[in-house]
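Below is one structure, written out as structure tokens; the observations come after it.
The values are calculated or read from the model by the stated rules, or taken from the named source; none is laboratory data. Fair warning: this is a prediction, and the values are worked out from it, not measured in the lab. Glycine gets a Cβ as well: all are built from the backbone with ideal geometry, and neighbour counts include every protein chain shown. Remember, those area values only see protein heavy atoms, side chains included, never the ligands or the DNA or RNA. Shrake-Rupley method; radii C 1.70, N 1.55, O 1.52, S 1.80 Å.
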Amino acid sequence: MAEIRFPATELPEGARKMVSVGGIDVGVFNVGGELFALQNRCPHQWGPVCEGDLLGAMESAGPGRYDYVPDSYRLRCPWHGWEFDIKTGCGWTDIKARVRRFYPRREEDEVVVSTSPGTV
Amino acid sequence: MTGIVDCDVHPAPVSSQVLDDFLPFGWRDRRQLAQYLPQQWQRYREALGDRSYMGAEYPRPTPRAARGDSWPGNGGPPGSDLGLLREQLLDAWQIDYGVMNPLLGAGEQLNLEYGGALCHAINDWQREVWTSPEPRLHASVCVPFEDAGLSVAEIRRVAADEAFCQVLVHCRTQEPLGRRKYWPIYEAAVEYRLPVAIHFGGWGGHPPTPAGFPSFYIEDTFSMAAAFAAQLTSLVFEGVLERFPGLRFVLIESGLTWLPGYFARLDRSWRLLHDEVAHVSRTPSEQVRAQVAVTTQPFDEPGPPSRLADFFAKLGMDDRVLFSTDYPHWDFESPGHGPLRLLDPVRKQRIMRDNAMEWFRFGNRAHG
């Protein structure tokens, strides 16, 4: 298990920060106070997925329906637009494609990002 | 493997004014030079802008159809900054040669004289802004391809310069490319030993699908393979490939997984209906395999190495497949981590580099 930590002030609400955890490039996100972290490598062609936009979801209940879900949980890779759930790393464009997930948490005035979900 | 050749790179002017400096006499923006010189064509461009057929563009999925990270920091559009192009493409992947295909609408101008002037400007701009400072990049001769006379004049003006490695036309044309009106372009290409590149896109005034106007860009882009198939079919059955044995075409951004099935149907149709085209003496697919190359992007990712090997065996064009990225467009294919990473080393070497080195005679381009 590898961990890194940095001051929480470096990740205010709405911000993202690129870090290295055990030699792996990781993007850490603060979305409305919730913290998420994913490897900065798209499973499709290894694009810098964590540099992409965070968007709501365009969904549809059936032909001719356009339903926009106005949250900010979809991370869109800047190369080909593949979208991933920021919470889980699961792909929307291809459900088999998954970005490796990392585990951020707050500890007092720091953010800790770990390769493992297990805490102290 | 040493080096890579990328057969589809798209440069863009920093702004529409940049090209004005390269417009030939009578078209150039003279105001900054001297107030008393003719302004007619510069005024035309300023007042009316480019004019092609209505409805030519289905909205792309991203601004300027570009990768989100390809916008230079200086505010210019993707593909307009040589430094970023080097960083994200040429240096990032150790690319030995890149072939530029400027898609700036010059070939589709309804005012043919203006289209010719625009091609003139684009070709000079490629040379001065791109190939002179960066010899890894090669240029395409842009031509107003709906008028053979103007196109041949432009080929003759620049083709002796080894910075130019092909003549560029678009896939959707007014008439199928085998028709006689285009033949003078082919004669000039043969004379200068340049392949004719047919690139994705264009607009000949027809609906983008043979069934009419679709609702979605996804249909527009998907149906381009049908347009490429129509062009190949025309080149074969009009007898162009046989009439000009030295003529070579390269399909750019056509995709290629449709080709094996297309070949089977093409040959079968010819066996049944050959009387109508008695001038066609060789099996159509043989002609195409001999005189046509095809670039890799967008590759339809047919999965594991065994399926890739099956596909390339069916295609039968191992020496005619040329690697391309389509940088900086949204469907850019990564040289390192794209679907071709799973190719066997022998095919990979041919496709990523050697085929294009032979096809374009890079490093060995003496004309004659």
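Give me the dipole magnitude in Debye, nearest 20, for chain B about the Cα centre, with unit charges on the beta carbon: positive for Lys and Arg, negative for Asp and Glu. Don't skip to the end; give the middle numbers.
On the way: 36 positive and 46 negative charges, 94 e Å.
In total the dipole reaches around 460 debye.
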Item to check | Accessible carbon and sulfur surface of the range A:3-114 relative to its total accessible area, %, 1.4 Å | outcome: 48
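Per residue and in Å³, how big is the convex hull formed by the alpha-carbon atoms of the protein assembly as shown?
On the way: hull volume 88.5 nm³, N = 488.
Dividing the Cα hull volume of the protein assembly as shown by its residue count gives 181 Å³.
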Item to check | Anchor B:LYS314: lysines whose Cα lies under 24 Å away (excluding residues fewer than 8 positions away in-chain) | outcome: B:LYS348
Next on the checklist: Just to be sure I understand the model, the point goes 7 Å from the Cα along the line to the Cβ. What's the resulting A:LYS96 to B:VAL14 distance in nm?
Outcome noted: 4.6
Checklist outcome for this item: Expressed in square angstrom to the nearest 10, the accessible area of A:LYS87 with a 1.4 Å probe stands at 80
Checklist entry - Any idea of the accessible area per residue across chain B, 1.4 Å probe, to the nearest Å²? => result 42
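Provide the buried accessible surface between chains B and A in square angstrom, both chains summed, 1.4 Å probe, rounded to the nearest 100. Write down the numbers at each step before the final one.
Details: alone 15810 and 6930 Å², together 21780 Å².
It comes to approximately 1000 Å² buried between B and A.
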Checklist outcome for this item: The distance between the Cα centres of the range B:144-183 and the range B:112-131, in whole Å, is 13
Checklist entry - In the range B:196-268, which trypsin sites (Lys or Arg not before Pro) fall in coil by DSSP and have 16 or fewer other Cβ atoms within 10 Å? => result none
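Find the all-direction average of the projected area of the Cα convex hull for the range A:3-114, expressing the result in square nanometres with one decimal place. Numbers along the way, then the final one.
On the way: hull surface 28.6 nm².
So the Cα hull casts an average projection of 7.2 nm².
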Checklist entry - Taking all protein chains as present, what is the carbon and sulfur share of the accessible area of chain B, in % to the nearest whole number, probe 1.4 Å? => result 54
Checklist entry - Can you give the mean number of other chain Cβ atoms that lie within 10 Å of the Cβ atoms in peptide A:72-79? => result 3
Checklist outcome for this item: Treating only Lys and Arg (+1) and Asp and Glu (-1) as charged, each at its beta carbon, one finds that the protein assembly as shown has a dipole about its Cα centre, in Debye to the nearest 20, of 840
Checklist outcome for this item: the range A:3-114: relative contact order from alpha carbon pairs under 8 Å, six or more residues apart, as a whole percent, is 26
Checklist entry - What relative contact order, as a whole-number percentage, does the range B:236-315 give when Cα pairs under 8 Å and 6 or more residues apart are counted? => result 48
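With a cap of 12 neighbouring Cβ atoms within 10 Å, and only residues DSSP puts in a loop, list the GluC sites (Glu not before Pro) found in the range A:41-120. Present the calculation step by step, with values, prior to reporting the outcome.
Numbers: sites: A:GLU51, A:GLU59, A:GLU83, A:GLU107, A:GLU108, A:GLU110; in loops: A:GLU108.
For GluC sites (Glu not before Pro) across the range A:41-120 that sit outside H, G, I, E and B with at most 12 neighbouring Cβ atoms in 10 Å, the list reads A:GLU108.
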Item to check | Cα-centre dipole for the range A:3-114 with unit charges at Cβ (Lys and Arg positive, Asp and Glu negative), debye to 20 | outcome: 420
Checklist outcome for this item: In whole angstrom, largest first, the equivalent ellipsoid semi-axes that the Cα gyration tensor gives for the range B:201-343 are 26, 20, 14
Checklist entry - Taking a probe of 1.4 angstrom, what is the accessible area of A:ILE95 in Å², to the nearest 10? => result 140
Item to check | Nearest-10 value in Å² for the accessible area of B:SER223, using the 1.4 Å probe | outcome: 10
Checklist outcome for this item: What the Cα atoms of chain B span along the principal axes, largest first and in whole Å, is 65, 49, 48
Checklist entry - How are the C-alpha pair distances of the range B:247-320 spread across 5 Å bins, as whole percents from the shortest bin up? => result 3, 14, 23, 24, 16, 11, 5, 2, 1
Checklist entry - Straight-line reach from A:LYS87: which lysines have a Cα under 18 Å away, not including same-chain ones fewer than 8 places off? => result A:LYS17, A:LYS96
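Counting Lys +1, Arg +1, Asp -1, Glu -1, what net charge surrounds A:GLU59 among other residues with beta carbon under 14 Å of its beta carbon? Intermediate results must be reported in sequence, preceding the final value.
On the way: positive: A:ARG65, A:ARG74; negative: A:ASP67, A:ASP71, A:GLU83, A:ASP85.
That works out to -2.
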Checklist entry - Within a Cβ distance under 11 Å of B:GLN174, other residues only, what is the Lys/Arg minus Asp/Glu net charge? => result -1
Checklist entry - For the range A:7-58 and the range B:280-309, what is the separation of their Cα centres, given in Å? => result 40
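If you take every residue apart from A:VAL49 with its C-beta less than 14 Å away from the C-beta of A:VAL49, what net charge results, scoring Lys and Arg +1 and Asp and Glu -1? The partial results should precede the final answer.
On the way: positive: A:ARG16, A:ARG41, A:ARG74, A:ARG76, A:ARG98, A:ARG100, A:ARG101, B:ARG67; negative: A:ASP25, A:GLU51, A:ASP53, A:GLU83, A:ASP85, A:ASP94, B:ASP69.
Charge balance in the 14 Å sphere: +1.
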